[in-house]
Amino acid sequence: MAKDKSTYVCTDCGAEFSRWLGQCNECKAWNTISEFRQAKAPARSGNFSGFAGINDEKVQTLDSIDLAELPRFSSGFAEFDRVLGGGIVPGSAILIGGEPGAGKSTLLLQTMCALAESMPALYITGEESLQQVAMRAKRLGLPTSKLKMLSETSVENICHIAEKEKPKIVVIDSIQVMHMSDIQSAPGSVSQVRESAAYLTRFAKQHHVAMLLVGHVTKDGSLAGPKVLEHCIDCSIMLEGSNDSRYRTLRGNKNRFGAVNELGVFAMTGSGLKEVKNPSAIFLSRSDEQTPGSVVMVLWEGTRPLLVEIQALVDHSALGNPRRVAVGADQNRLSMLLAILHRHGGLQMNDQDVFVNVVGGVKVTETSIDLALILALVSSFRDNALPQDLVVFGEVGLSGEIRPVPSGQERINEAAKHGFKRAIVPFNNMPKHKIDGMEIIGVKKLSEALEVI
Ligand code: TYD
Ligand code: MG
C-alpha cells in the first residue's frame with residue numbers, strides 16, 4: 001500500500017516544500033513551515049479508456065452552459081453585498097478573515113438571523129457555546145425563531161447533518177476549530193484547515209449551498225492563516241479594524257464573482273454592526289480649525305470615491321538617523337516622496353523626523369495619495385495650514401511630474417458633493433466642463449503644485 005505523502009507548507013504564504021525548513025524560502029518568514037499530510041489519491045488504472053461513466057457529452061461550449069443558477073441573493077447588508085460583488089452566489093465558498101474581536105461572528109449572526117426568515121439557514125458554532133450565541137442574538141434583538149444552530153467541530157458530521165437539513169446557506173465559525181477524522185494533526189494545523197476547507201467547499205459546490213467560513217488571522221503563527229486556503233475558496237474577504245476604533249472595514253482580496261478592492265464600511269455599536277452609508281462623512285469629521293500638516297484627498301475604492309484626511313508631522317530630529325513612520329500608507333513610498341521633494345521641490349528634510357497618518361485607520365495602497373502626502377509634509381514643515389476647503393489627489397513621478405489617476409472626474413464630483421471649493425489635481429484629470437462652485441487647479445509639475453499653495 002502506498003504510504004501517505006508529507007509536504008511542508010508555509011502557513012503565511014502557502015508555499016510548499018519537500019522538507020522542513022526554519023525559514024520559508026518564498027516569503028522569508030521564520031517558523032511558519034508545518035507538516036501537511038496529503039490524503040491518498042484513489043488508485044486509478046493508467047488506462048484512460050477504462051474509465052466508466054465518463055463520456056464526451058460533458059464537454060460543452062461556454063455559451064451552452066446554463067447560467068440560470070447564478071442569481072445572487074442579498075445578505076441584507078448593502079455594504080456586505082457590495083464587497084461580494086452584488087450578493088451571495090449559491091454554491092460559493094466565502095472566507096471571512098479578521099483578527100479575533102473584529103466582529104466576524106457578530107456580522108454573520110446578524111446576516112444569518114435576517115436570512116433565515118426567507119430561506120433555510122444553518123449556523124455552526126465551534127468556538128462559542130450555543131448559549132453564548134443565543135444570548136448575543138437576544139441582546140441584539142435579532143429574529144431568532146427560524147435560524148438553525150449546531151455546535152459541532154467535525155466536518156464529516158456537519159456535512160452529514162447539512163445533507164439532511166438542506167440549508168441554502170451555512171456559516172462555519174470558525175474553520176480553525178474544524179477537524180476531519182482521517183487527518184492526524186490537531187485542529188488549527190495547516191493540514192486540518194486546508195482539508196476541512198476543501199471538503200466543505202466541495203460540499204458547497206455539490207449541494208448548491210453558500211458556505212461562509214470564518215478564519216482568524218493571528219500575528220503569531222500558532223494558527224494556520226487563511227492564506228493557505230485562498231486557492232480553494234471563491235471569495236476571500238477581510239473584516240478589519242481595531243478594537244479601539246468604532247469602524248470596521250470589509251474588503252475583498254479575491255472574488256471569483258466580482259471586482260476586488262471594494263470597501264464596505266460598518267460601525268460597531270452597542271447593538272451590533274451597523275452599515276455606514278456615507279463613509280466619506282465619517283473619515284472627514286475633523287475640527288473646524290485649520291491645522292498645519294492636514295490635507296484631504298479623494299481615494300478610489302473599487303467602484304466609489306472616498307474622502308480621507310492625510311496628516312503629516314515634520315519635526316526636528318534629535319537622532320542621527322531621523323525617523324520615517326507611515327501609518328496607513330506605504331513606508332517606501334514615503335521615502336521616495338521625500339527624495340522627490342528634495343530633488344524637485346528644493347525642500348531638505350534630512351534632519352527631520354517625519355510621521356504620516358491616514359485618519360480613521362484607512363489603508364491607502366493607491367498612488368493618488370502622493371500629491372496629498374507631499375502637500376501635507378510641506379504644510380507641516382512650513383507650519384502653514386492649508387485651506388479647509390481644499391482637496392488634493394495625484395500621482396507624483398520620480399522626475400517631479402504629476403501623473404493622472406483613474407476616475408478623476410468622479411473624485412472631483414465627490415469632493416464637490418461634500419462642499420469642497422478648491423481642488424489641486426493632475427492636469428490630465430482636469431474635467432472638461434466647469435463644476436459649479438469649485439475652483440480646479442490642474443498641475444503638471446511638483447513645482448507648480450508647491451507654488452499654488
Ligand atoms: P465578535 O463578533 O465576537 O468577533 P470575532 O468573531 O471576529 O472574534 O466581536 C467581538 C467584539 O465586538 C467584542 O470586542 C465586543 C464587540 N461588540 C460590540 O461592541 N457590540 C456588540 O453589540 C457586539 C455583539 C460586540
Ligand atoms: Mg467569533
Query raised in the report: In this structure, does Leu147 turn out to be in contact with a Cys (Cβ under 6 Å, 6 or more places away or on another chain) and either surrounded by 12 or more Cβ atoms within 10 Å (Cβ to Cβ) or within 22 Å of Lys277 (Cα to Cα) (or both)?
Result: yes
Requested in this report: Might you let me know whether the range 429-440 holds any residue that is closer than 30 Å to Asn350 by Cα and assigned by TED's automatic domain parsing to the domain that holds Thr291?
Outcome: no
Report summary line: Within the range 166-180, restricting to residues that are touching a Ser or Thr at 6+ places or on another chain (Cβ under 8 Å) and of a type outside the set (A, V, I, L, M, F, W, C), the one that is farthest from Ser34 (Cα to Cα) is Asp173
Query raised in the report: Which one is most open to solvent (accessible area, probe 1.4 Å), of the residues in the range 266-296 that are under 24 Å from Thr111 (Cα atoms) and more than 16 Å from ligand 1 (Cβ to nearest atom)?
Result: Lys277
Query raised in the report: In the range 181-213, how many are outside any helix (DSSP H, G or I), open to solvent by 10 Å² or more (accessible area, probe 1.4 Å) and within 24 Å of Thr32 (Cβ to Cβ)?
Result: 6
Query raised in the report: Does Asp315 satisfy the criteria of being in a strand (DSSP E or B), surrounded by fewer than 16 Cβ atoms within 10 Å (Cβ to Cβ) and not assigned by TED's automatic domain parsing to the domain that holds Ser245?
Result: yes
Report task. State whether the residues of the range 303-312 include one that is touching a strand residue (DSSP E or B) at 6+ places or on another chain (Cβ under 6 Å), open to solvent by 20 Å² or more (accessible area, probe 1.4 Å) and either not assigned by TED's automatic domain parsing to the domain that holds Met238 or not hydrophobic (A, V, I, L, M, F, W, C) (or both). Result -> yes
Query raised in the report: Is there any pair linking a residue in the range 152-175 that is open to solvent by 10 Å² or more (accessible area, probe 1.4 Å) to one that is within 16 Å of ligand 2 (Cβ to nearest atom), with Cβ under 6 Å and at least six apart or on different chains, and which?
Result: Glu152/Ile124; Thr153/Gly126; Thr153/Val177; Thr153/Met178
Query raised in the report: Assuming Cys113 fulfils every condition listed in (1) buried (at least 23 other Cβ atoms within 10 Å of the Cβ); (2) touching a Pro at 6+ places or on another chain (Cβ under 6 Å) apart from one, which condition is it?
Result: (1)
Report task. Output yes when any residue across the range 188-200 is within 16 Å of ligand 2 (Cβ to nearest atom) and more than 16 Å from Ile94 (Cα to Cα), and no when none is. Result -> yes
Query raised in the report: Out of Gly85, Gly126, Gly98, which single residue is within 16 Å of ligand 1 (Cβ to nearest atom) and either touching a strand residue (DSSP E or B) at 6+ places or on another chain (Cβ under 6 Å) or under 18 Å from Asn261 (Cα atoms) (or both)?
Result: Gly98
Report summary line: Among Val295, Val265, the single one that is assigned by TED's automatic domain parsing to the domain that holds Ser379 and within 30 Å of Ile440 (Cβ to Cβ) is Val295
Query raised in the report: Would the range 133-155 turn up any residue that is within 16 Å of ligand 1 (Cβ to nearest atom) and under 24 Å from the mean Cα position of the chain (by Cα)?
Result: no
Query raised in the report: When the residues of the range 234-257 are filtered to those that are on the phi < 0 side of the Ramachandran plot and in a loop (DSSP other than H, G, I, E, B), which remaining residue is least open to solvent (accessible area, probe 1.4 Å)?
Result: Asp234
Report summary line: Of (1) surrounded by 13 or more Cβ atoms within 10 Å (Cβ to Cβ); (2) modelled with pLDDT of 75 or more; (3) not aromatic (Phe, Trp, Tyr), Ala39 satisfies every one except (2)
Query raised in the report: Restricted to the range 394-428, and to residues that are touching a residue at least 60 places away in the same chain (Cβ under 8 Å) and either hydrophobic (A, V, I, L, M, F, W, C) or not assigned by TED's automatic domain parsing to the domain that holds Ile374 (or both), which residue is surrounded by the most Cβ atoms within 10 Å (Cβ to Cβ)?
Result: Ala415
Report task. Considering each residue of the range 323-348, count those that are more than 22 Å from Phe427 (Cβ to Cβ) and open to solvent by less than 10 Å² (accessible area, probe 1.4 Å), and give that number. Result -> 1
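The values are calculated or read from the model by the stated rules, or taken from the named source; none is laboratory data. What you see is a predicted model, and the numbers here were worked out from it, not measured in a lab. Note that we place each Cβ from the backbone using ideal geometry, even for glycine, and neighbour counts take in every protein chain shown. Ligands, DNA and RNA are excluded from the accessible area calculation, which covers all protein heavy atoms including side chains. Shrake-Rupley method; radii C 1.70, N 1.55, O 1.52, S 1.80 Å.
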